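In what follows, a structure is listed as structure tokens, so that the remarks can point back to it.
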Amino acid sequence: QKPLRAIGEQAAAVGANRFVLLPEPAVAELRVVGRAMNTMVVRVQAMFAEQAARLEALRNEANCDDLTRLPNRSLFMGCLRGAVADEQAALEGALVVVRVRDLARLNRSLGRERTDILLQASAAMLRELVQQQDDPAASLARLNGAEFGILLPAVDAAACVAWCGLVLDGFARLYRQEYADREPVASVGWTVYRHG
């Protein structure tokens, strides 16, 4: 009865997403059942892991921009709604929108491949600046083809102006590195938000 109880507990553990392997019972008649249960546990665990990986890939695909691998507009808007409504979040902060200027002209003059490289370089530069904020609630997303959104919680107007200056300096660097063929590469707009 003890090996049977252990096999029953093993089956219950699988139902609770715990994957326990048992030593094979000493009783010859139960050894086949124990071996089969252990094999099933290993296969179910692998199946769950594969499904979890697939779900994560689908979540990333649904929430990430393919080109820049940044979060997309819908995820960003959720972060913004949370920042404005969440009582635990900073009471105020800054919302910044960066637009790469004249994307259609860039596509014609540089070609789509070089324009995509410019957008990827822009995303990398913005990501670095957002990470320097050292605030896990700060977020960056690609809102559409030419626009990026940045949420900077607990940043006031003066700090935001200084931060936007760093963004413009970053785009000037991208121009000097010949990612773009004309200056200014981007425009920046910002506002301060408050709860409610």
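Some observations on this one:
- Within the range 65-112, the set of residues being part of a loop (DSSP other than H, G, I, E, B) and β-branched (Val, Ile, Thr) comprises Thr68 only.
- In the range 5-24, the residues that are assigned to a loop (DSSP other than H, G, I, E, B) form Cβ pairs under 9 Å with partners that are aromatic (Phe, Trp, Tyr), at six or more places apart or across chains, as follows: Asn17/Phe48; Phe19/Phe48.
- Out of Arg59, Arg99, Arg31, Arg54, one residue alone is open to solvent by 30 Å² or more (accessible area, probe 1.4 Å), at pLDDT below 90 and over 20 Å from the mean Cα position of the chain (by Cα). It is Arg31.
- Test result for Gln120, closer than 21 Å to Ala172 by Cα and modelled with pLDDT under 95: no
- The lone exception for Leu91 - which of (1) of a type in the set (A, V, I, L, M, F, W, C); (2) open to solvent by less than 70 Å² (accessible area, probe 1.4 Å); (3) within 13 Å of Arg194 (Cα to Cα) it fails: (2)
To keep it simple, each residue is scored yes or no on (1) under 21 Å from Asn72 (Cβ atoms); (2) without any contact (Cβ under 8 Å) to a residue 60 or more places away in the chain; (3) assigned to a helix (DSSP H, G or I).
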{"site": "Ile117", "(1), (2), (3)": "yes, no, yes"}
{"site": "Ala158", "(1), (2), (3)": "no, yes, yes"}
{"site": "Gly170", "(1), (2), (3)": "no, yes, yes"}
{"site": "Trp190", "(1), (2), (3)": "yes, no, no"}
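- Matching residues in the range 138-156 - criterion: being in a loop (DSSP other than H, G, I, E, B) and closer than 11 Å to Ala94 by Cα: Ala138, Ala154, Val155, Asp156
- Enumeration of residues in the range 102-113 that are open to solvent by 20 Å² or more (accessible area, probe 1.4 Å) and touching a residue at least 12 places away in the same chain (Cβ under 8 Å): Leu103, Ser109, Leu110
The values are calculated or read from the model by the stated rules, or taken from the named source; none is laboratory data. Because the structure is a prediction, the values reported are computed rather than measured. A quick note on method: Cβ atoms are made from the backbone with ideal geometry, for glycine too, and the neighbour counts reach across all protein chains shown. Surface accessibility is based on the protein's heavy atoms, side chains included, excluding ligands, DNA and RNA. Shrake-Rupley method; radii C 1.70, N 1.55, O 1.52, S 1.80 Å.
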